[in-house]
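Right, one structure below, let's go through it.
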Amino acid sequence: MKKIEILLTALMVSSTPLFAQSPVNFKVDLDRPSGKMSSDMWGVFFEDINMGADGGIYAELVKNRSFEFDEPWMGWKKLTKEPEGTFLIVNNSKRKGNPRSLKVHNPNGIQLGLQNEGFRGMGVKKGEQYEFSLLFKQASAGMRIRVDVLNEQDKVIGTSSLSLSNGSDWQSGSSKFKVSETAAKGKLNVWIEGSGDAELDMISLFPTETWKNRPKGLRKDMVQMLADMKPGFIRFPGGCIVEGRDLASRFQWKKTVGPIEERELIINRWNTEFKHRPAPDYFQTFGLGFYEYFLMAEDIGAKAVPILNCGMACQFNTGELVPMDELDTYIQDALDLIEFANGPVTTTWGKLRSDMGHPAPFNLEMLGVGNENWGPQYVERLAAFKKVLNDKHPEIAIIASSGTDPDGERFAYLDEQLRDMKIDIIDEHYYRPPSWFLSSVSRYDDYDRKGPKVFAGEYASHTTRPNGPGRSTWEAALSEAAFLTGLERNADVVQMASYAPLFGHVDGWQWSPDLIWVDNLQAYGTPSYQVQKLYSTHTGTDIIPLQWNGKAVAGQDSLFASAVYDSKAKELIIKLVNYNNKPVQANFEINSQKKLKPAAVKTTLANPDLSITTSFEEPLKIQPKVEEVKYNGKKISDTFAPYSLTVIKLPVQ
Ligand code: AHR
């Protein structure tokens with residue numbers, strides 16, 4: 001390189017500004033909160049999509065355990081060659097919810113074996129205990145069941161057996177055993193030994209180590225990911241699954257409570273929804289039913305937010321409508337759900353809750369009527385629900401759908417109607433590109449403060465959809481983080497918010513991006529998970545004005561900020577998103593009569609590369625960096641990393 005070129009290059013480098021701009025000066029009015037916020041604002045959205053429940057958080061390892069899938073042998077393979085008529089699928093129409101069972105006829109006592117493939121294999125862990133169980137009846141004397149857990153190479157890594165006793169009524173049998181190796185895609189062999197006949201059902205394998213070690217419970221690691229977020233609420237069971245492709249496949253909560261073996265399974269609507277992601281083996285067994293949802297919510301300190309069908313099937317599918325004069329059963333379902341959740345144990349549904357193990361009420365406060373429904377037919381049905389619910393249960397807030405999009409004709413129509421109706425909470429959904437999230441940060445600034453509250457019930461920043469699988473990049477997550485400053489700033493209107501969908505199984509997803517990815521053994525959070533967690537673990541009770549030149553920090557120079565005060569913990573919490581590729585120096589002047597303790601905690605999520613994401617190999621590629629910092633009284637000066645979300649927690653005396 002010639003001398004002159006070297007000089008020019010050096011000059012160019014030295015004139016490249018180190019910071020995005022000169023220091024910015026923010027003012028924080030700690031003593032003049034602009035409104036109250038719900039400390040339960042940041043929650044989670046749960047739907048049985050992407051194998052979220054069956055094959056996911058519901059820890060059952062056997063697929064089609066009761067032979068109730070449309071094809072009764074789906075998931076099963078016969079291991080032996082047996083005479084015709086040895087295995088028969090019996091349909092006993094008197095058995096509530098679960099008519100089919102497997103009849104075994106083996107007069108000559110030949111060896112019989114079945115294999116279950118699990119949900120994309122079975123994940124088992126070395127040294128952990130598993131419980132095999134089944135229901136049986138009319139077993140001939142001496143008949144036994146032996147089970148082997150196999151790894152991917154068909155090596156037996158765990159085994160157990162149990163005897164079947166005779167009896168004309170259904171009995172249950174179980175045995176516990178440990179496995180000697182970890183396998184991500186194991187299988188279960190079920191050997192039926194001895195001669196004679198037997199009828200079998202509910203052939204099941206669970207880890208005994210589940211969330212709170214509840215028998216036949218939930219996957220511990222997956223619930224832990226949620227518990228770590230300290231979510232304010234759990235919305236369940238969806239999502240489109242509430243609506244169903246048709247009314248027959250809508251979610252009916254009553255079919256998901258009571259004895260597990262009586263819960264009638266149905267096809268999961270995501271079984272067929274996306275042609276490019278077919279999942280013919282995706283059914284809802286409802287082992288995770290409404291009782292378990294309420295329990296999970298309680299366990300992790302979240303409010304339960306159920307959403308019920310409003311008498312309409314998914315309008316993207318059949319759009320079937322219940323005639324208005326037949327809507328009563330749907331409304332009754334809502335009334336009965338309130339009784340199930342909150343009613344005394346002397347009531348029909350309160351008694352069922354108690355019989356299932358929870359005499360105390362679940363303290364339901366909110367109920368959704370419809371998911372992504374729209375049009376006058378929805379308004380008509382919603383009004384009928386509202387009339388009865390307001391009359392009988394004025395204490396329950398009603399959440400209503402504003403359709404599928406955050407704008408457009410349908411949204412405008414519904415928004416007006418719902419406001420006229422004085423609905424309590426409007427559920428808004430937005431699956432949009434990062435640019436939308438960045439430019440919509442002031443969306444709620446002008447919303448009517450006296451009107452309904454808003455529930456940002458489903459949202460995610462999509463970098464590549466609809467043309468490809470959405471990647472959960474740092475770009476997507478940071479745009480969400482920026483948008484969430486706008487929600488927090490308007491938390492007097494936006495009462496709740498939840499990212500969607502929650503879980504995606506790497507071998508069984510239909511929709512992406514998702515907040516948390518799992519395989520059969522592990523789970524990891526996406527960058528969006530880290531953002532959500534940072535918000536939900538740094539929530540407050542009061543909205544604190546934070547301004548730059550007299551205006552909210554809502555994208556000027558690619559900066560976004562909000563502040564809240566947590567009156568319980570006595571902390572001022574400031575959030576700043578720097579969406580620049582350079583660091584930013586910021587000064588915060590905190591106006592307050594209160595004293596601030598100098599020791600603060602600063603947590604940063606940052607990466608200069610917006611395209612990065614996390615994975616099983618690098619789950620913490622983006623992770624919070626927590627520092628204890630000392631600031632100078634009410635004047636804070638700090639540097640904020642390029643492409644970062646920073647949360648500063650300041651104790652107030
Ligand atoms: O979150 C995935 C789907 O997106 C939900 O089921 C539905 O409500 C929305 O369209």
Elements of type strands (runs of 3 or more DSSP E) in the stretch 118-178, at least 3 residues being within 23 Å of MET51 (Cβ to Cβ) | 122-124, 129-137
Please go through the stretch 356-376 and pick out each residue that is within 16 Å of the ligand (Cβ to nearest atom) and among the aliphatic types (A, V, I, L, M).
-> VAL369
Filter the stretch 30-48 down to the residues that are closer than 30 Å to LEU596 by Cβ and assigned to a strand (DSSP E or B), then identify the one that is nearest to the chain's Cα centre (by Cα).
-> TRP42
Could you say which residue among ARG419, ARG410 is more than 16 Å from the ligand (Cβ to nearest atom) and farther than 19 Å from LYS303 by Cβ?
-> ARG419
Can you pull out the residues in the stretch 218-248 that are over 13 Å from the mean Cα position of the chain (by Cα), within 16 Å of the ligand (Cβ to nearest atom) and of a type in the set (Lys, Arg)?
-> ARG245
Test for ILE260: is it within 23 Å of GLY311 (Cβ to Cβ), at pLDDT 95 or above and surrounded by fewer than 23 Cβ atoms within 10 Å (Cβ to Cβ) | no
Search the stretch 81-115 for residues being among the hydroxyl-bearing types (Ser, Thr, Tyr) and within 40 Å of the chain's Cα centre (by Cα), and hand back the single one that is most open to solvent (accessible area, probe 1.4 Å).
-> SER93
Among the candidates PHE294, PHE251, single out the residue that is within 16 Å of the ligand (Cβ to nearest atom) and not charged (D, E, K, R).
-> PHE251
Hey, can you tell me all the residues within the stretch 86-114 that are at pLDDT 95 or above and in a loop (DSSP other than H, G, I, E, B)?
-> THR86, ASN98, PRO99, PRO107, ASN108, GLY109, ILE110
Could you check, for the stretch 195-215, whether at least one of its residues is among the polar types (S, T, N, Q), surrounded by fewer than 19 Cβ atoms within 10 Å (Cβ to Cβ), part of a strand (DSSP E or B) and modelled with pLDDT of 95 or more?
-> no
For LEU335, indicate whether it is part of a loop (DSSP other than H, G, I, E, B), away from the ligand (no atom under 16 Å from the Cβ) and out of contact with any Cys (no Cβ under 8 Å at 6 or more places or on another chain).
-> no
Members of the stretch 48-75 that are within 16 Å of the ligand (Cβ to nearest atom) and in contact with a Leu (Cβ under 7 Å, 6 or more places away or on another chain) = GLY52, ALA53, ILE57
Mind checking whether some residue in the stretch 420-427 is assigned by TED's automatic domain parsing to the domain that holds ASP514, over 23 Å from ASP492 (Cα atoms) and at pLDDT 95 or above?
-> no
Working only within the stretch 223-233, note down all residues that are outside any helix (DSSP H, G or I), in contact with a helix residue (DSSP H, G or I) (Cβ under 6 Å, 6 or more places away or on another chain) and surrounded by fewer than 24 Cβ atoms within 10 Å (Cβ to Cβ).
-> LYS230
Scanning the stretch 29-46 for residues that are open to solvent by 20 Å² or more (accessible area, probe 1.4 Å) and touching a Pro at 6+ places or on another chain (Cβ under 7 Å) gives ASP29, ARG32, SER34
Check GLY186 against each of (1) in a strand (DSSP E or B); (2) surrounded by fewer than 19 Cβ atoms within 10 Å (Cβ to Cβ) and name the one condition it does not meet.
-> (2)
Within the stretch 267-278, residues among the aliphatic types (A, V, I, L, M) and either crowded, with 19+ Cβ neighbours inside 10 Å or under 16 Å from ASP336 (Cβ atoms) (or both) come out as none
For the stretch 478-489, indicate whether the set of residues that are within 15 Å of the ligand (Cβ to nearest atom), touching a residue at least 60 places away in the same chain (Cβ under 8 Å) and either more than 20 Å from LEU572 (Cα to Cα) or in contact with a Gly (Cβ under 6 Å, 6 or more places away or on another chain) (or both) is non-empty.
-> no
What is the one condition in (1) buried (at least 17 other Cβ atoms within 10 Å of the Cβ); (2) outside any helix (DSSP H, G or I); (3) in contact with a Lys or Arg (Cβ under 7 Å, 6 or more places away or on another chain) that VAL345 does not satisfy?
-> (1)
If we ask which residues in the stretch 537-562 are surrounded by fewer than 23 Cβ atoms within 10 Å (Cβ to Cβ) and outside any loop (DSSP other than H, G, I, E, B), their number turns out to be 10
Looking at MET312, MET324, which is the one that is open to solvent by 50 Å² or more (accessible area, probe 1.4 Å) and modelled with pLDDT of 95 or more?
-> MET324
Please indicate, with yes or no, whether at least one residue in the stretch 285-298 is open to solvent by less than 10 Å² (accessible area, probe 1.4 Å), among the β-branched types (Val, Ile, Thr) and on the phi < 0 side of the Ramachandran plot.
-> no
Given the conditions (1) assigned by TED's automatic domain parsing to the domain that holds VAL147; (2) under 24 Å from GLY196 (Cα atoms), every one holds for PHE67 apart from (1)
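The values are calculated or read from the model by the stated rules, or taken from the named source; none is laboratory data. All values derive from a computational prediction rather than experimental measurement. Cβ sites come from the backbone with ideal geometry, for glycine too, and all protein chains shown count toward neighbours. Just the protein is used for accessible areas: all its heavy atoms, side chains included, with ligands, DNA and RNA removed. Shrake-Rupley method; radii C 1.70, N 1.55, O 1.52, S 1.80 Å.
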